[in-house]
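Quick notes on the structure that follows.
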Amino acid sequence: MALAKSIGIVVKIANPGAVKLSRELADWLNKKGVDVYSDSELAGLVDPIKPPPEGGLSKVVDVMVVLGGDGTMLYAARLLDGRGVPILGINMGGLGFLTALGVDEVYESLERVIKGEFETEERMMLAVRILRGGEEIARYRVLNDAVIKTTIARLVRLETCINKEYVTTYRADGLIVATPTGSTAYSLSASGPILYPTIHSIIVVPVCPFNLTHRPVVLSDTMDVQVTVGHDNPDVELTLDGQVDRPLKRGDVVEIKRADECVYLVKCNKKSYFDILRERLMWESKPE
């Protein structure tokens, strides 16, 4: 990797510890001749940090550093707008499947990042389109999942096709279409499978289905999923990575497929994915 001359920092503003650490990191990086940028909100709070230039952070930063949990990582991925800027995650949140490093490792990790002495791990994304009357009205890109669900406590009917071939009509609280990265997010709580994050697959998981034989399905990443909102369901929305909500109308079609763009996470050599799973899910450790 090339030397990092410009670094972006993204934090959860509601976390005072993350804001404090961002100021300390910005001072430390500036002394090493590295420019530091963030979104307008953090830049307005921390003097050493510059606001985003015209065109967004991805136009100017070589690496993005995230101080927070997985939600902050998803926000950072959205800021990058599909551009292949590596992301280094420092866990200051909860479970933190994406933010594997601890706060005590941040300076050592940044030293390697500045020198370009790191590798990245590719994570696939999903491209999501909403069609109304056959016309595209919106498109998005997500790292974890796209979720179609009701806004009230009732079942929704979701006619589901794969590669335009009818599969079934789910009667459920909702339907999750997730990446392997998203397999440890909402999909996991809905009894979906855990997929190794670099596998190229798409997971379809019904949420509390009326028919108990409706189970999660794992598809090839070459397949497209089309979900049509039932005409008897007026209160339905599409939620993207748990952060963006879009209301849907009866008859709307949500098309989901693998995106052309990927997210690139800075690899942590000290911990494997299975180390993270054992730690976060409290699985039994290997006997001494």
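Along the principal axes of its C-alpha atoms, what lengths does the chain span, in descending order and rounded to whole Å?
61, 54, 33
Please list the equivalent ellipsoid semi-axes of the range 126-260, computed as the square roots of five times the alpha-carbon gyration tensor eigenvalues, in descending order and whole angstrom.
Result for the range 126-260: semi-axes of 20, 17, 14 Å.
Please label the shape of the range 1-69 as rounded, prolate or oblate, based on the square roots a ≥ b ≥ c of the eigenvalues of the alpha-carbon gyration tensor (a/c under 1.5 means rounded; beyond that, a/b larger than b/c means prolate, else oblate).
Here the range 1-69 falls in the prolate category.
Could you pull out the pairs from K12/K59; K12/K267; K115/K267; K149/K267; K115/K270; K115/K271 whose alpha carbons sit more than 25 Å apart here?
K149/K267
Residue farthest toward the positive end of the dipole of the chain, with Cβ of Lys/Arg at +1 and Asp/Glu at -1: which of A146, M64, S38?
Checking the options against the dipole of the chain, the answer is A146.
Could you give me D for the range 122-197, from Stokes-Einstein at 4 °C and 1.567 mPa s, where the hydrodynamic radius is the Kirkwood radius over C-alpha pairs? Units µm² s⁻¹, please.
Rounded, D is 94 µm²/s.
To the nearest 10 degrees, how steeply does helix 16-31 sit against the main Cα axis of the chain, on a 0 to 90 scale?
Relative to the chain, helix 16-31 is tipped by roughly 50 degrees.
Given the Cα-Cα distance of R83 and D275 and 0.36 nm per residue of separation, how much length would full extension add, in nm?
66.2 nm
Order of C161, C268, C208 from fewest to most other C-beta atoms within 10 Å?
C208, C161, C268
Counting other C-beta atoms within 10 Å, which of M125, M282, M64 has the fewest, and how do the rest follow?
M282, M125, M64
Order these by the 10 Å Cβ neighbour count, fewest first: W283, W28.
Ascending Cβ contact count within 10 Å gives the list W283, W28.
Going by a ≥ b ≥ c, the root eigenvalues of the Cα gyration tensor, does the range 81-144 fall in the rounded group (a/c under 1.5), the prolate group (a/b larger than b/c) or the oblate group?
The shape class here is prolate.
Between the helical axis of 106-115 and the dominant principal axis of the chain, each derived from Cα atoms, what acute angle in degrees is found, rounded to the nearest 10?
Once rounded, the angle reads 80 degrees.
Every read-out reported here was derived from the displayed coordinates using simple, explicitly stated rules and does not represent laboratory data. Note that the coordinates shown come from a computational prediction; the quantities given were computed from them, not determined experimentally. No Cβ is skipped: glycine too gets one built from the backbone with ideal geometry, and neighbour counts run over all protein chains shown.
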